[in-house]
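Data first, discussion second: the structure below is written as structure tokens.
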Ligand SMILES: *Cc1c(COP(=O)(O)O)cnc(C)c1O
């Protein structure tokens, strides 16, 4: 049942997510599997509903932490789940039981996983991370790294299902860095093979590579930002992979008033009216993840028109100029992200206006903002962070 959200809500268009999956699939070689990256609660879109919506399109899911992986399992996601970031060994038992694949790149991690698997009498699958230039995680992509990989792969109770590396600069127009990383990854795979180690699933592509370097996709390609309808950067080609933004952010006017010349608006009085104006208050602020750096810079859409933000964005509210939009009243709908009539505000616009980063903006849309899921224009679910219960106290 749909609760009426009257303050603010994020609308997630699951058809757009599916469209984006189709679009990426069309750009990849037929044998390449897509991995749906749903870390950070699906880049703020909600990991479980997004995972369900794309289940048909993916070989596997990727998350960043043990808890994120276990959450998917708890909600009935059955396909392989891969954890892209290192996890503490105290999680290994649960992960093995739930068939969640951790990333491994040190002997300590491998030993701990092996011991746990042997104790449980199970085979633990894992993915080996290789560092080819990101300098974040992974064993070195050289002979020493290869020797370590061989030792890891020979431990009892564990099996390398996959091996991967991560591009640091695939979203730049100059692809020489990404290509060098790919070369060193391929060289590393050769080193392993020469020592008799063949790891079945190889992956390195992120969204930028799926779009601009589809030839680097190997067995799997890890789709993150593009799944949600955003390009990783302005420098990637947009034509080969059309994308539709999945998230809109909607609110309602809570107050409208006239102010005279000389009146200041919001903290610090950074905006001063020069003429009589009509201003509207909107109950959204940085406490909802709406970036404070949009103070005096951003716009919202009301009645299909742009209303500029006046003065500072507060924690829970912000004010906009509606002098040119006479039909605004209490409860009039407001679009902070998304389309209204001919106008559209994209997450990338917010990033540009405020000097922010589009990945970060969606991740940061807060827990105070319920997510409402649409399919075929119908509400099919919602995620509301205010439904917690603590019956013990
Ligand atoms: C987050 C992440 C991705 C997805 O990156 P996008 O740019 O969002 O496609 C892929 N691989 C790894 C290892 C990641 O950490």
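Things worth noting here:
- Relative exposure of 238, 93, judged by other C-beta atoms within 10 Å (fewest first): 238, 93
- Under the criterion of Cα pairs below 8 Å and six or more residues apart, the relative contact order for the chain equals 18 percent.
- Judged by the mean number of other Cβ atoms found within 10 Å, the most tightly packed of the peptides 76-89, 203-216 leads the ranking 203-216, 76-89.
- Here the residues 150, 334, ranked from fewest to most Cβ neighbours within 10 Å of their Cβ, fall in the order 150, 334.
- Segment 20-70 and segment 334-393: distance between their alpha carbon centers, rounded to Å: 18 Å
- Of the three principal axes defined by the Cα atoms of segment 253-393, the extents in descending order read 53, 40, 30 Å.
- Top of 265, 284, 35 by mean-square fluctuation, Gaussian network on the chain, Cα under 10 Å: 265
- Least to most buried among 277, 107 (fewest other Cβ within 10 Å first): 107, 277
- Over the chain: helical MRE at 222 nm, DSSP H runs n ≥ 4 each giving -39500 (n - 2.57), nearest 500: -8000 deg cm²/dmol
- Taking 7 Å steps out from each Cα toward its Cβ at residue 330 and residue 316 produces label points 1.7 nm apart.
- Antiparallel bridges, percent of DSSP beta bridges restricted to the chain (to nearest 5): 50 percent
- Three-way shape label, segment 1-102, alpha-carbon gyration tensor, a/c 1.5: oblate
- The calculated FRET efficiency for residue 94 paired with residue 195, based on their beta-carbon distance and R0 = 25 Å, is about 0.20.
Each reported figure results from applying straightforward, stated rules to the coordinates on display, with no laboratory input. No experiment lies behind these values; they were computed from the predicted model shown. A quick note on method: Cβ atoms are made from the backbone with ideal geometry, for glycine too, and the neighbour counts reach across all protein chains shown.
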